[in-house]
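> Please find one structure pasted underneath; my questions will follow.
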Amino acid sequence: MKKTLLLVAMVALATQIKAADAAEATTSSSGEAFLQLSLTPDIALHSKDTAIRGVSLNIWGENPQHSLTLGFVNGSTGDSGGFSWGLVNYAENYTGVQWSFFNYCKGDFTGWQGAAVNYTQGSFVGLQSGYVNYAKNMNGLQWGLVNYTDNLNGVQIGFANIAMNNGWFDEFPNKLAKVFPFVNWSF
């Protein structure tokens, strides 16, 4: 357990540093802040255009951020990163760790999504762990009861694993089916 927590902390720190370096190239017109306290995106310490580089505590918050984000609903706009922990996390593009009941990423995600349901509309690189995992393009590991992707470059482990691009599955019954129980892979 200690090794897992240490690994998570190191990954979060590394992604935070990487995200901070990438974000230095672009600056929000409203500036940056270290701390955000938010009841809603419009009722907050700073406007939702302010980039948060530090800590964000939310009932419902939505900012571009490279921070530790804790709350019930955590929204990350633009190219954001860090560690988000709440009931619901949503992002446009995200690099880092998202833990919640439901994680949603409209664009690309790099890192670890851990939730009951994980949904990434774009490309996912890393680990998705949950009951239901979806990524349009998956590079890495999906670990859950139901795993789905259009394009898999990695491994799926779960009860139902669906990889629409797996060439092994084009010649059923001589080869495996598109839906495969327990483990599925494509490289």
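The values are calculated or read from the model by the stated rules, or taken from the named source; none is laboratory data. Note that the structure is a prediction, hence the values are computed from the model and not measured. So basically every Cβ, Gly included, is an ideal-geometry build from the backbone, and we count neighbours across all protein chains shown.
To keep it simple, each residue is scored yes or no on (1) more than 20 Å from residue 107 (Cβ to Cβ); (2) modelled with pLDDT of 95 or more.
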| position | (1), (2) |
| --- | --- |
| 146 | yes, yes |
| 152 | no, no |
| 159 | yes, no |
| 169 | yes, no |
| 173 | yes, no |
| 177 | yes, no |
| 181 | yes, no |
| 186 | yes, no |
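> Just to be sure, is residue 111 over 21 Å from residue 35 (Cβ atoms) and among the small types (Gly, Ala, Ser)?
Yes; evaluated as a whole, the condition is true for this residue.
> Considering each residue of the stretch 91-148, count those that are closer than 20 Å to residue 78 by Cα and either in a strand (DSSP E or B) or over 11 Å from the mean Cα position of the chain (by Cα) (or both), and give that number.
Residues in the stretch 91-148 being closer than 20 Å to residue 78 by Cα and either in a strand (DSSP E or B) or over 11 Å from the mean Cα position of the chain (by Cα) (or both): 30 in total.
> Examine the stretch 53-61 for a residue that is hydroxyl-bearing (Ser, Thr, Tyr) and assigned to a strand (DSSP E or B), and state whether such a residue exists.
Scanning the stretch 53-61, I find at least one residue that is hydroxyl-bearing (Ser, Thr, Tyr) and assigned to a strand (DSSP E or B), so the answer is yes.
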